[in-house]
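Have a look at the structure below, then the notes.
The values are calculated or read from the model by the stated rules, or taken from the named source; none is laboratory data. Predicted model, so just to flag it, every value in this text is computed and none were measured. In this analysis, Cβ positions are derived from the backbone assuming ideal geometry, glycine residues included, and neighbour counts consider all displayed protein chains.
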């Protein structure tokens, strides 16, 4: 099994990347989150899930171990294939998926194209206990970051700034400075917009 690739990024598209590892080019399917993380890099380290089927061998790549862990849990659910798993990770952050499953929030999961009510419920039922036991991944900081993001967006909306206007900026602020306070996020966003 191929667990990770480290090499030169030859090509990158929204759905896949070509990574040259000592002269061998690997075609790796990626999510939009991974695309954003790798887009401007020359040398990359990507965590992979190697899927062997009767007709193909496929590599799915992720920028973080947490993203890979969530993907592996998702595809273990009956009715959720690799394409659906990648679509979920392209639409939601791993922490948002973790939070939705642990809180039983099927509406968040249904916001992903191709995930209906039954599939969302099945994901929650099948993974609620399993996802809490992800020992190689810590979501505690991600959950608090997500809470700050939601509170900041809510406060900014009350002040008349739409989520569409502020969401990317707020998310980038939190990503760049994980210890930022809610007040600092709001003040900084107000100055920027």
Extreme residue, modelled with the lowest pLDDT, among residues of region 1-29 that are exposed (fewer than 12 other Cβ atoms within 10 Å of the Cβ) and within 19 Å of residue 64 (Cβ to Cβ): 1
Given the structure, is residue 48 assigned to a strand (DSSP E or B), in contact with a helix residue (DSSP H, G or I) (Cβ under 8 Å, 6 or more places away or on another chain) and under 25 Å from residue 93 (Cβ atoms)? yes
The helices (runs of 4 or more DSSP H) lying wholly within region 85-179 that contain at least 1 residues that are surrounded by fewer than 19 Cβ atoms within 10 Å (Cβ to Cβ) and modelled with pLDDT under 80 are 117-132, 140-158, 163-176
Within region 1-29, how many residues are part of a strand (DSSP E or B) and touching a helix residue (DSSP H, G or I) at 6+ places or on another chain (Cβ under 7 Å)? 4
Step by step: first the residues of region 30-40, then only those that are part of a helix (DSSP H, G or I) and free of Cβ contacts under 8 Å to residues at least 60 places away in the same chain, then the one that is farthest from the chain's Cα centre (by Cα). Which residue is that? 38
Could you please let me know if residue 43 is free of Cβ contacts under 8 Å to residues at least 60 places away in the same chain and either closer than 22 Å to residue 171 by Cα or surrounded by fewer than 13 Cβ atoms within 10 Å (Cβ to Cβ) (or both)? yes
All positions within region 51-68 that are without any contact (Cβ under 8 Å) to a residue 12 or more places away in the chain and in a strand (DSSP E or B): 52, 57
